[in-house]
C-alpha cells in the first residue's frame, strides 16, 4: 500500500472527471483566431505585427513588455487581419491579434530544435522566455522568471504537478498518460535549469492509470512518484510542497525559500516542445466538459474561440447558463462563448441554467466549516466580516494576503456566503493602498 | 463594439457549492432531539407534548411576525426558531402553566435573537436565555413543582410532585442515607433512562446521548465541546467525591440534571460557542468548572444553564486568544 501524501484542510467535492478516458483529439484551427496579448501573469506583450503581415505557426506576434511579461506567438499560418480590442476572459476588452488562418499550418522557417546534451541552464531559461512558456496549471506565471530565483536562493527539488485537483478537468491527466516521456524530458530540462537534484512527479490517487505509466519509466529517467490523496486544493503550490516535502513556505515567501520548485505537467510538455522541436507555446489541451453533447479533451490552437470548440463537441446540452474557463472551483465565468482559448484555459465547463448555484447568502451561523476547510489555516468567516464592513487593514494581521483563493470556504459555507470573493476584495483593496 | 450574443451568467468562483445549508443543519439537530422528545412524552405524557408544541409554535410565530413587521426577509423556514422553541420546552418543568413556554419563546426569539440581528448574531443561547428569564420572573413555577414520571394527567399534576434528583439531597439537608440511595445502581439506572423528575427533555441521559452522538457522527457538532464539558465535570467530581466534599458520585453527576442536553445541544450551539478548535476546549472545560461550582456551592441545585450562558459571554475573548496560526507564519507579529 503506497503512502498517500496530503495536507491539512481542504475539501472533497464530487470529482466528475467525465473525460478521463477520452484520448486527446487534435482540433483543426478555425478560419480566424483571436490571440490576446495578455494571456499570462504580468504585463501584456507588445504587438510586433500589424495588419496585413504574413505569419506562420510559431511566428512571434507579441514580445515581452519588460521583465515581467511573456512572448506570444501565432498558432496558425495566415495574415494578420488587425490588432484590436476583443473579448477576453478577464471580462474586459483586451488587445488581441486577429489572424486569418490560411489553413496551411505552415511552420515558421526559423523553427528548429535547439536541443543538445550540453544545453546550458541559461539557454533553457532563454528558450522558455522567447518561446512564451508560462505555467499551464492556470496561474500562467512566466516560467523563465520562476526558473531564475533571486540571488543566493537555490532549489533542491522539482515537483512536477500532476495533481489536477479541480473537479471535471482531465487535460493534465490525459497528457500524462499520452505523453509521459515528453513530460519527463521537459521536466529534466527544468531540473537542469534550476539545478535541482531531485525530480518528483505528484499525481492524485484518482489517476492510478497515470501513476502506472510513470512506474514503467521512473528508473530509466531517475525520478520519484508521489501519490497524493484526492483532495482539493492538493495541486496548490504551497499545499503540494507541504504534502510531499513537509516544508512550509513562509508567509509572504516563495517556494524557493524552502528550495522547492513546482511546475505543472503541461508546462513541462510545452518546454519539451520548445527545446526539442523549437515550437513555441501555441497549443494546449483543453477539457470541454459539463453540459455539452460530447465531452472531449482537445488539443487546441491558442486563440480559437470557445464557441468553435463547443460546436465541435455537438453543441450545448440544454440551455447554457454558465461558461467557465477552468475548473468549477477557481475558474472564471465568461460572459460570451466568443472568448478565445488562451494559455491558461485548462478546461471549459458548461453549466445549464438549472445547474448554476445562485443561492442568496444568509447570516453566518459560525459553524466553523470554513476554518476547517482552509488550507492556509485562516479564518475566512472573520475575513469575510471585515471585508463586508470595509475594515481591510484589520485583515492583514489575520494573514489575508496568504489566501490562495481556492474557494474551499465558499464551497462549504452553509450560509452560502461569498467568502473567497469578499477576501479577494480585501486583497485588492490592500494592494491599491501599497 | 456591440455585443450581439446573448450574455451568459457571470458570478465569482467557486461555481459549485456543497449541498449543506443552515436549514439542513437545523433539521439534523431537530432530528437528533426526536428520541428525547419521544422519551419526554413517554415520561410526562400529553402535557409534555402540549408544552413543546406551544413553545415551538410561539417561537416560530414570533420570528415570523417580527420579520413581517420589520419588513425583513422571513427566515422561519431555516428551522432555527423551531429549534429554539423545542430546546426551551425541553429545559422547563412539565408542570408549568401553559402560557409560560409561550412567554419564554417570545423572549428568546424577540429579545435575545431578533433584536440582536437574527440568526447568527445572538450572543447568548436563545433557549437558555429564555429559561433564565422565566427563572427570574416566575421562580415558583420554574423550580417548585416537578412531575413524577409516568404519573401525569393533564389536570392532576398539582397533587403529584417530586424533586429533581439533584435537588433531593439539598432538600434533605445533605442526609447520608439520601445520598447513598441516590448513588445506588437503581437510582443511576433511572437517571440514565430518564425515569426521574426534571425538565421535559433533559431527564433521559441515554436518549440525549443517542442524539448527541448522532450529531457528532454527522459532523454537525464538534466532539470537543461535549467531551471537554462532561469530561471536566466528571474529573472534578472524582476529586470532590474522593475528598469527601461531594456526597454524590461523578457518575451520578454526569447523568443528572441538564448536563447531557446542555453539553450536546446547548453548549455546542455554533453561534454562541467558540469557532476555533482550541477555544472549544477552553469553553467546555470552563463550563464544566462553573457547573460544578454552582452545583456544589451555589444557591441552585443545577448549574448547567447559567454556566453555558456565562461562557457564551466569554466567547469573543476566547476566540481572540485562540486564533489559529496562519500557514507559514513563523511567529505572531501582532
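Relative contact order of chain B: what whole-number percent is it, with Cα pairs under 8 angstrom and at least 6 residues apart? If you can, show how the numbers build up before the last one.
On the way: 505 pairs, mean separation 57.2, N = 334.
RCO, chain B: 17 percent.
Would you list A:434, B:295, B:24 from fewest to most Cβ contacts within 10 Å? Write out the running numbers ahead of the final one.
On the way: A:434 4, B:295 26, B:24 16.
The most exposed by this proxy come first: A:434, B:24, B:295.
Alpha carbon centre of the stretch A:291-306 versus the stretch A:313-350: separation in Å?
If we compute the Cα centre of each part, the gap is 9 Å.
Tell me the mean residue ellipticity at 222 nm calculated for chain B from its helices only (DSSP H runs of n ≥ 4, each -39500 (n - 2.57), averaged over every residue, nearest 500).
Values: 13 runs with 179 residues, N = 334.
Estimated from H runs of four or more residues: -17000 deg cm²/dmol.
Once you order the gyration tensor axes a ≥ b ≥ c over the Cα atoms, which shape class does chain B get: rounded for a/c under 1.5, otherwise prolate or oblate by comparing a/b with b/c?
On the way: a/c = 2.23, a/b = 1.45, b/c = 1.54.
Since a/c reaches 1.5 but b/c is at least a/b, the shape of chain B is classed as oblate.
Under the definition of Cα pairs under 8 Å and six or more residues apart, what whole-number percent is the relative contact order of the stretch B:163-321? Write down the numbers at each step before the final one.
Working: 216 pairs, mean separation 38.4, N = 159.
Once normalised by length, the contact order is 24 percent.
What list do you get for A:298, A:199 if you sort them by fewest beta carbons within 10 Å?
Least to most surrounded, the residues fall as A:199, A:298.
So if R0 is 41 Å, what FRET efficiency would residue A:50 and residue A:311 give, r being the distance between their Cβ atoms, rounded to the nearest 0.05?
That gives a FRET efficiency of 0.85.
Can you tell me how the stretch A:27-137 classifies by the Cα gyration tensor, rounded, prolate or oblate, using a/c under 1.5 as the rounded cut?
Oblate shape, in that a/c is at least 1.5 and b/c is the bigger or equal ratio.
Counting only other chains, and only Cβ atoms inside 10 Å, what mean value do you get across the residues of A:325-335? Please report the intermediate quantities before stating the final value.
Values: counts 0, 2, 4, 5, 4, 3, 3, 4, 7, 4, 7.
Counting other chains' Cβ atoms within 10 Å and averaging over A:325-335 gives 4.
Hey, any idea what Rg/Rh is for chain A, computing Rh the Kirkwood way over Cα pairs?
With Rh from the inverse mean 1/r over Cα pairs, Rg/Rh is 0.95.
May I ask for the distance between the Cα centers of the stretch A:358-408 and the stretch A:74-97, given as a whole number of Å?
Using only Cα atoms to place each centre, the spacing works out to 37 Å.
Does the stretch B:204-286 come out rounded, prolate or oblate by the C-alpha gyration tensor, with a ≥ b ≥ c the root eigenvalues, rounded set by a/c under 1.5 and, if not, prolate when a/b is larger than b/c and oblate if not?
Values: a/c = 2.73, a/b = 1.54, b/c = 1.77.
It is oblate, given that a/c is not under 1.5 and a/b is not larger than b/c.
Nearest 5 is fine: what % of DSSP beta bridges in chain A come out antiparallel, could you say?
Around 60 percent antiparallel, to the nearest 5.
Summarise the partner chain shielding of A:351-364 as one whole number: the mean count of Cβ atoms from other chains within 10 Å of each residue's Cβ. Can you show the working numbers first?
Values: counts 4, 0, 2, 0, 2, 5, 7, 3, 2, 1, 0, 9, 10, 7.
Averaged over the peptide's residues, the number is 4.
Could you list B:70, A:413 so that the one with the fewest beta carbons within 10 Å of its beta carbon is first and the one with the most is last?
B:70, A:413
Largest first and in whole Å, what are the equivalent-ellipsoid semi-axes of the stretch A:369-433 based on the Cα gyration tensor, each being the root of 5 times an eigenvalue?
Taking √(5λ) for each Cα gyration eigenvalue gives 18, 12, 10 Å.
Antiparallel as a % of all DSSP beta bridges within the stretch A:155-296, to the nearest 5?
Once the DSSP bridges in the stretch A:155-296 are tallied, antiparallel ones form about 5 percent.
Looking at chain B as a GNM with Cα springs under 10 Å, which of B:15, B:190, B:253 has the largest mean-square fluctuation?
Taking springs between Cα atoms under 10 Å, the residue moving most is B:15.
We did not get these values from a lab; they are worked out from the coordinates using the rules stated. From a predicted model like this one, the values you see are computed outputs, not experimental measurements. Neighbour counts run over all protein chains shown; Cβ positions are idealised from the backbone, glycine included.
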